[in-house]
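Shown next, in structure tokens, is the structure this report addresses.
Derivation of every value follows stated rules applied to the coordinates shown; laboratory data play no part. Keep in mind the model is a prediction, meaning the values are calculated, not measured. Cβ sites come from the backbone with ideal geometry, for glycine too, and all protein chains shown count toward neighbours.
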Amino acid sequence: MMQFFRSKSQRTSTSSAAGRGAAAARSDLVDPKVMEQIGNLELLSRTVVDGLLAGKHPSTTKGGCCEFAQHRQYTTGDEIRQIDWQVYARNDRYFIKQFEEETNLHGIVAIDTSGSMKFGYSTVTKLSYACRAAACLARLLLHQRDAVGAIILNDKRPLFVPPKQNAAHLQAILACLQAAQPGAAGSLGAQIRGFIPRLRRRGLFVLFSDCFGDLDDLSRALRALRGRGHDFVVMNVLAPEEIHFNFRRWSTFESLEVAGHSLNLDPASVRDEYLKALRQHLNQLEEMVVGLGGDYLRMTTNRDLAETLSWFLRSRMAKGN
């Protein structure tokens, strides 16, 4: 299992960054600047979802509007207005038009709260960045008249807010995200699998995590989601220091997940090997997600969130066309 450490010589800066991130999360999870840039975009499901209300997503429900699906023979009790009179004129038999109704989506934003998610040195913590991104996507889904819920993935204090479709529900989502607190190490895959039975309708599952764990375990969870008919997106949240490992001084690195575990080392002596292992891990993660039919996005906490989300949404909309 890959874990990231913080340097003892940089602990003060890290703690202050974590504090700034927590304050930002409390004061304004839904960033107006982000919403201004993504407000005219859409987050749509690329798979068939279950639904009852008219919306934008392909549904399993046969309705009376949107894209034509098939004809079936008229039976007693059917509404006369649904009869296809042109077919009747040709065949002298009554047939009903059936349509693939477009429906509202059930979306879930899921936040990994393992210890490594509290890392932040030159930026806000990964957890704060993930919560801001999740809040903005939740707001976007509600704006689309879709239902949205939230999950906090944590061994000791898991939280679940069931999807609902009304503007007031955003406050419940934000309260859930604000309650997210980083814990110790845990099995991300097992945590996800534990919530799958509570997702009663097929929809979109958006995971925010640094994914520093057992990829085989995560793969089993994503396969289980796909097996239940869910579409999914993995938002891989990383700090710039984790990507570049640009530490210079000899330091003591303390584990964020295992208490009392530390390493004394010269960053320059391990940088090349570390970066090689990281590239291999990230490439394997992306190939796994895409191979299972999901979308993968790498997010770094030093990048503008509005630009990151708008690029993702435009890219996903282009794939769906």
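If the reach is capped at under 17 angstrom between alpha carbons, list the aspartates and glutamates near residue 164, excluding any in the same chain fewer than eight residues apart. Residue 164 reaches 50, 146.
Residues 214, 146, 272, 31, ranked from the fewest to the most other C-beta atoms within 10 Å, line up as 272, 214, 31, 146. Of the cross-linked pairs 33/156; 126/156; 126/276; 118/319, those separated by over 25 Å at the C-alpha level are 33/156; 118/319. 3J(HN,Hα) along segment 299-306: 10, 10, 5, 9, 8, 4, 5, 4 Hz, from the Karplus curve 6.51 cos²θ - 1.76 cosθ + 1.60 with θ = phi - 60°, whole Hz, x for Gly and Pro. Measuring r between the beta carbons of residue 287 and residue 72 and using R0 = 45 Å, the FRET efficiency lands at 0.55.
Amide H to amide H distances under 5 Å link residue 114 with 183, where only residues 5 or more positions off or on other chains count and H is placed in the peptide plane. In sequence order, segment 165-178 has phi-based couplings of 10, 7, 4, 5, 5, 4, 5, 5, 5, 5, 5, 5, 5, 5 Hz under the Karplus curve 6.51 cos²θ - 1.76 cosθ + 1.60, θ = phi - 60°, and Gly or Pro positions carry x. Contact order, relative form, for segment 207-321: 31 percent (alpha carbon pairs under 8 Å, 6 or more residues apart, mean separation divided by residue count). Each residue of segment 115-130 was assigned a 3J(HN,Hα) from its phi angle through the Karplus expression (A = 6.51, B = -1.76, C = 1.60, θ = phi - 60°), giving x, 5, 6, 8, 5, x, 10, 8, 9, 5, 5, 4, 5, 4, 5, 4 Hz with x at Gly and Pro.
With 0.36 nm allotted per residue and the present C-alpha distance subtracted, the residue 311-residue 79 stretch has 79.0 nm of extension available. Relative contact order of segment 85-229: 29 percent, from C-alpha pairs under 8 Å at least 6 residues apart in sequence. Under 1.5 on a/c is rounded, so check that first for segment 112-220, then, if it is not, pick prolate when a/b is larger than b/c and oblate when it is not; a ≥ b ≥ c are the square roots of the alpha carbon gyration tensor eigenvalues. The shape class here is oblate.
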